[in-house]
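The values are calculated or read from the model by the stated rules, or taken from the named source; none is laboratory data. It should be emphasised that the depicted structure is a prediction, and the values quoted were computed from it without experimental measurement. Quick reminder, even Gly has a Cβ in these numbers, built from the backbone with ideal geometry, and neighbours come from all protein chains shown.
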Amino acid sequence: MMALADQCNSEYWPLAVLLLSFLAATLLPWSSEASLLGALACGAEPLTALVAASIGNCGASLLHYEIGRWTSPMAIRHMRSSRGTRWAWLFVRRHRTWALPLTVLPIVGDPINIAAGLLRISRVRFVIVVFALRIGRYALLTTGFL
């Protein structure tokens, strides 16, 4: 492990982890956990890496929520009628806040975030549930590096 840390320049890891965590939750087919673990393996400060990954990933989740909240009625009709996202609309409409823990799952999380915004789930509840779970997931990964 030390040999790997000697080969890495951890000076820019916080910014890299933040950006990769944000992009992994929005555009890139990439794991934000892999970014966090890579930074930690290269000797990044665990708390700094945890905060950077959390800000990036939680920011992307909030972006999806806000996209749903401020989208047009035409997009709402599309989400309710599209086979790929109709399940998210129905699931969140039925379970409301109780659907939010599933936002941490790959593939299904983004449509649930958007549906939560479309269905006007409380922003405060969204932030509390989603952010706590995402930060908790990163905290579990970080504990091995403390």
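Only a single criterion out of (1) outside any loop (DSSP other than H, G, I, E, B); (2) farther than 30 Å from L140 by Cα; (3) hydroxyl-bearing (S, T, Y) is not satisfied by T103, namely (2).
For (1) over 20 Å from A53 (Cβ atoms); (2) under 16 Å from the mean Cα position of the chain (by Cα); (3) of a type in the set (A, V, I, L, M), each residue gets a yes or a no:
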| position | (1), (2), (3) |
| --- | --- |
| R69 | yes, no, no |
| F91 | yes, no, no |
| A99 | yes, yes, yes |
| R120 | yes, no, no |
| F131 | no, yes, no |
| I135 | no, yes, yes |
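In segment 24-64, of all residues being among the aliphatic types (A, V, I, L, M) and not in a helix (DSSP H, G or I), the one that is nearest to L140 (Cα to Cα) corresponds to A44. Restricting the first member to segment 123-146 and to residues that are in contact (Cβ under 8 Å) with a residue 12 or more places away in the chain and under 18 Å from A34 (Cβ atoms), and the second to residues that are of a type in the set (D, E, K, R) and part of a helix (DSSP H, G or I), the beta-carbon pairs closer than 9 Å and six or more apart or on different chains are R137/E33; Y138/E33; L141/E33. Only one of the numbered conditions (1) modelled with pLDDT of 95 or more; (2) surrounded by fewer than 18 Cβ atoms within 10 Å (Cβ to Cβ); (3) not in a helix (DSSP H, G or I) is violated by I121, and that is (2).
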